[in-house]
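Participant: This is the structure I want to talk about, given as structure tokens.
The values are calculated or read from the model by the stated rules, or taken from the named source; none is laboratory data. Note that this is a predicted model, so its numbers are computed, not measured. Glycine gets a Cβ as well: all are built from the backbone with ideal geometry, and neighbour counts include every protein chain shown. Surface accessibility is based on the protein's heavy atoms, side chains included, excluding ligands, DNA and RNA. Shrake-Rupley method; radii C 1.70, N 1.55, O 1.52, S 1.80 Å.
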Amino acid sequence: MKKTRLTVAQALVKFLDNQYVSFDGIETKFVEGIFTIFGHGIAVGLGQALDENPGGLKVFQGRNEQGMCHTAIAYAKQLNRRKIIACASSVGPGAANMITAAATATVNNIPLLLFPADTFATRQPDPVLQQLECTDSLAVTTNDAFKPVCKYWDRIVRPEQLMTAMINAMRVLTDPAETGAVCISLCQDAEGESYDFPDYFFQKRVHRITRPVAVDEELDDLVQIISEAKRPLMIVGGGVKYSEAGETAEEFCAEFGIPFGETQAGKSALKSSHPMCLGGVGVTGTLAANTIAEAADVVIAIGTRLGDFATGSKSQFQNPDVKFVTINNNRYHASKLDAVKSVGDAKVTIQALAEKLRKSGYRSAYKDEIKTAKAAWSEEMKRLASYSYGEGFEPRIKARDPRTVGEFNALTGGEITQTAALCAIRECIDPDANIVTAGGSLPSCLQRIWTTDKRGAYHVEYGYSCMGYEISGALGVRMAEPEHESYATIGDAGFQMMHSEIMTAMQERVKINILVFDNCSFGCINNLQMSHGVGSLATEFRYRDENGGLSGGLIPVDYAQVAKGYGLKTYTAKTIDELKEALADAKKQTVSTLIDIKVLPKTMSDGYNSWWNVGIATASAKPEVIEARDRVMKGRAKARVY
């Protein structure tokens, strides 16, 4: 047996450099590089190994551990989970900063490989700098907090453990059904310990991502139900995108006359121009999709977790005899809503299902319903695109305190509505550009308004709804697809939360375009508060008033000036014409850009025959709260109870 004496960190780097994946016969290198912010926990351990011999791995410098992980998530997601960038941090706060990103990756089933440094395995220098001391167990460190948000977790206290830990890490990272965050905790003294590693540990490994098809018995169950459906509806989830099953699903829907609605993760897996496309479904869905969903007698859910937004908190499907069937490579998700399930890869399982349905001569019974629903939504889209501030203006979202809109207009000069801004952006940027967002009200509007025929061009993190993902995500997307422009749509609240990786984009000379929607608020949650009888409490950006409350004047911020300090080309847009001019000029730039869009509060889209279940006070002295409570209770009565 040939052996090579290396430190744990050196062996780790060499192992990562020799991992490959094969999908549909195409082999690609799996690990592109390592994002890191060096601290004392890794600087002379993993850092030494990367400095001496990184092999083919690139080292990327992050600015915030959560931010760099978001970039890595977006990179892997945009490449349909075929390539990853690992992330490494120092012990303590650096490690803790990655926990939110780990949860984001796991919820969205995106591979994210994390190497947080840990305390000393020997415990001799305890408490080492940045160590969290748990008095009930000295074996517990900050890194134990990764356990509930990771698909695989391990800690390296001896060199020999690295081998089984990394083989299991790769097992999970390359498993379409179980992928997510993987945490390999590196005790900082163990990083530098030497061991005679067998050379076969460093051999080229090709991890095959396969396409298991659902078994015949399960497919026959689906055929029996679908063949009796008069008004079926397909829900397209992220699994369709990662399976690269978009064209297959389009052909299926066209052949059998089945319309489809999209989840946030599934949007852009299929083309928006497809005649059966109804757009987003559920709480952030279109009028077309939700109208068809209400009457659907069979729901075919493919590659989706069936979250509360897609199902309208389980109230979207009002046909009393509605049945659910699923195609999913994850048995847990396939079983939701008491569905009749088929477990397998989306593409090959759709193909097998189509073959069986074809033999039965099946075709849905829709006549003009789909065309009528799409036409009604088209008219609403025209209204949203033309919506502007002026005489007779009324906010799309009703608020008890209407002063905010006029106050914002007087303070900033902004007269752009959120929906009109998004329609203008869609009109002005390239058809094959990638759009990125997360959290807040922008995903709601984008899922309804955005159209694209480029597969994967709609990149939205909404599984964990993690605000602050947007700019880091746009960087990861552009790194994955340098040939396509990348646009981050981000609210002012999200920008304030995290824009650290702007500096990384500048360092890497990777152009991204940042569109800041400034409405002086956490607009989405402000609307949620006020529509449920709560006052505007700590969701608008206001000075403290003379009575000690947070209801003083709005606080103006010049986001263009902030970005200018980083070296970006910046613009401020207060009108639609100014926004269009800025977008046109931004396309000509080679450096990253930021457009500070002064967007009127309360002008996002809302409603469209859906409902979202939220916790509500069931007792209150305020009549507005009691009224909201009654609405929630009516919604709960309509929802399915499993």
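Participant: Determine whether region 189-207 contains at least one residue that is crowded, with 21+ Cβ neighbours inside 10 Å, outside any helix (DSSP H, G or I) and touching a helix residue (DSSP H, G or I) at 6+ places or on another chain (Cβ under 6 Å).
Facilitator: yes
Participant: If you don't mind, another one. Residue by residue through region 582-633, note down the ones that are among the hydroxyl-bearing types (Ser, Thr, Tyr) and either assigned to a strand (DSSP E or B) or in contact with a helix residue (DSSP H, G or I) (Cβ under 7 Å, 6 or more places away or on another chain) (or both).
Facilitator: Residues of region 582-633 among the hydroxyl-bearing types (Ser, Thr, Tyr): 590, 592-593, 603, 605, 608, 610, 618, 620.
Once the filter is applied, which keeps residues that are among the hydroxyl-bearing types (Ser, Thr, Tyr) and either assigned to a strand (DSSP E or B) or in contact with a helix residue (DSSP H, G or I) (Cβ under 7 Å, 6 or more places away or on another chain) (or both), region 582-633 yields 592, 593, 603, 605, 608, 610, 618, 620.
Participant: Let me ask something else about it. Need pairs with beta-carbon distance below 6 Å; first residue among the aliphatic types (A, V, I, L, M) and within region 556-567, second crowded, with 17+ Cβ neighbours inside 10 Å; sequence gap 6+ or separate chains.
Facilitator: 560/570; 560/572; 560/596; 563/570; 563/594
Participant: Just wondering, is there one or more residues in region 328-345 that are closer than 23 Å to residue 228 by Cβ, free of Cβ contacts under 8 Å to residues at least 60 places away in the same chain and of a type in the set (A, V, I, L, M)?
Facilitator: yes
Participant: Quick one: how many residues across region 536-581 are open to solvent by 60 Å² or more (accessible area, probe 1.4 Å), assigned to a loop (DSSP other than H, G, I, E, B) and of a type in the set (D, E, K, R)?
Facilitator: 4
Participant: What single numbered condition from (1) without any contact (Cβ under 8 Å) to a residue 60 or more places away in the chain; (2) open to solvent by less than 50 Å² (accessible area, probe 1.4 Å) fails to hold for residue 588?
Facilitator: (2)
Participant: I'm checking my understanding of the structure. Among residues of region 620-642 that are over 26 Å from residue 336 (Cβ atoms) and among the small types (Gly, Ala, Ser), which one is surrounded by the fewest Cβ atoms within 10 Å (Cβ to Cβ)?
Facilitator: Going through the qualifying residues, I end up with 621.
Quick grid of which residues meet (1) farther than 24 Å from residue 584 by Cα; (2) open to solvent by less than 10 Å² (accessible area, probe 1.4 Å):
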| site | (1), (2) |
| --- | --- |
| 416 | no, yes |
| 434 | no, yes |
| 463 | yes, no |
| 517 | no, yes |
| 520 | yes, yes |
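Participant: Right, another one. Tally time: how many residues in region 317-343 are out of contact with any Asp or Glu (no Cβ under 8 Å at 6 or more places or on another chain) and within 29 Å of residue 108 (Cβ to Cβ)?
Facilitator: 12
Participant: Further, regarding this structure: Out of 309, 260, report the one residue that is within 19 Å of the chain's Cα centre (by Cα), at pLDDT 95 or above and of a type in the set (Phe, Trp, Tyr).
Facilitator: Numbers: 260 fails: within 19 Å of the chain's Cα centre (by Cα).
None of the other options fit; the residue is 309.
Participant: May I pose another question? From the list 356, 374, 382, which one is over 25 Å from the mean Cα position of the chain (by Cα), farther than 30 Å from residue 221 by Cα, part of a helix (DSSP H, G or I) and at pLDDT 95 or above?
Facilitator: 374
Participant: Check off (1) open to solvent by less than 10 Å² (accessible area, probe 1.4 Å); (2) in contact (Cβ under 8 Å) with a residue 60 or more places away in the chain; (3) under 24 Å from residue 74 (Cβ atoms) for residue 511 and give me the number that stays unchecked.
Facilitator: (1)
Participant: Identify all residues within region 469-508 that are more than 16 Å from residue 594 (Cβ to Cβ), open to solvent by less than 10 Å² (accessible area, probe 1.4 Å) and either not aliphatic (A, V, I, L, M) or not in a helix (DSSP H, G or I) (or both); write none if there are none.
Facilitator: Answer for region 469-508, where residues must be more than 16 Å from residue 594 (Cβ to Cβ), open to solvent by less than 10 Å² (accessible area, probe 1.4 Å) and either not aliphatic (A, V, I, L, M) or not in a helix (DSSP H, G or I) (or both): 469, 476.
Participant: Can you find a residue that is over 29 Å from residue 382 (Cβ atoms) and out of contact with any Ser or Thr (no Cβ under 9 Å at 6 or more places or on another chain) anywhere in region 607-616?
Facilitator: Let us first name the residues in region 607-616 that are over 29 Å from residue 382 (Cβ atoms), namely 613-616.
Next, from what is left, pick out any that are out of contact with any Ser or Thr (no Cβ under 9 Å at 6 or more places or on another chain): 615-616.
Yes, there is a match, as at least one residue in region 607-616 is over 29 Å from residue 382 (Cβ atoms) and out of contact with any Ser or Thr (no Cβ under 9 Å at 6 or more places or on another chain).
Participant: Please work out which one of (1) assigned to a loop (DSSP other than H, G, I, E, B); (2) more than 30 Å from residue 585 (Cα to Cα) is the condition residue 530 fails and give its number.
Facilitator: (1)
Participant: Only one of these conditions is not met by residue 59: (1) of a type in the set (A, V, I, L, M, F, W, C); (2) assigned to a strand (DSSP E or B); (3) open to solvent by less than 40 Å² (accessible area, probe 1.4 Å); (4) touching a Gly at 6+ places or on another chain (Cβ under 7 Å). Which number is it?
Facilitator: (3)
Participant: Show the residue pairs meeting these rules: Cβ distance below 9 Å; 6+ apart or different chains; first residue within region 20-46 and under 23 Å from residue 347 (Cβ atoms) and open to solvent by less than 40 Å² (accessible area, probe 1.4 Å); second residue among the polar types (S, T, N, Q) and not in a loop (DSSP other than H, G, I, E, B).
Facilitator: Final answer for the pair search is 21/28; 22/28; 30/19.
Participant: Return a yes/no flag: does region 68-78 have any residue that is basic (Lys, Arg), surrounded by fewer than 24 Cβ atoms within 10 Å (Cβ to Cβ), out of contact with any Gly (no Cβ under 6 Å at 6 or more places or on another chain) and at pLDDT 95 or above.
Facilitator: No, there is no match, as no residue in region 68-78 is basic (Lys, Arg), surrounded by fewer than 24 Cβ atoms within 10 Å (Cβ to Cβ), out of contact with any Gly (no Cβ under 6 Å at 6 or more places or on another chain) and at pLDDT 95 or above.
Participant: Report, by residue number, each residue of region 21-45 that is over 20 Å from residue 191 (Cα atoms) and in contact with a Ser or Thr (Cβ under 7 Å, 6 or more places away or on another chain).
Facilitator: 21
Participant: Which residue pairs have Cβ atoms closer than 7 Å, lie 6 or more positions apart in sequence or on different chains, and pair a first residue in region 417-428 that is farther than 14 Å from residue 598 by Cα and touching a residue at least 24 places away in the same chain (Cβ under 8 Å) with a second residue that is open to solvent by less than 20 Å² (accessible area, probe 1.4 Å) and polar (S, T, N, Q)?
Facilitator: none
Participant: Just a yes or no: is a residue in region 149-164 more than 32 Å from the chain's Cα centre (by Cα), under 29 Å from residue 48 (Cβ atoms), open to solvent by less than 50 Å² (accessible area, probe 1.4 Å) and not aliphatic (A, V, I, L, M)?
Facilitator: Checked against the condition, which is being more than 32 Å from the chain's Cα centre (by Cα), under 29 Å from residue 48 (Cβ atoms), open to solvent by less than 50 Å² (accessible area, probe 1.4 Å) and not aliphatic (A, V, I, L, M), region 149-164 yields at least one hit.
Participant: In this structure, does residue 533 turn out to be at positive phi, modelled with pLDDT under 95 and surrounded by fewer than 24 Cβ atoms within 10 Å (Cβ to Cβ)?
Facilitator: Values: at positive phi: yes; modelled with pLDDT under 95: yes; surrounded by fewer than 24 Cβ atoms within 10 Å (Cβ to Cβ): yes.
For residue 533, the condition - at positive phi, modelled with pLDDT under 95 and surrounded by fewer than 24 Cβ atoms within 10 Å (Cβ to Cβ) - is met.
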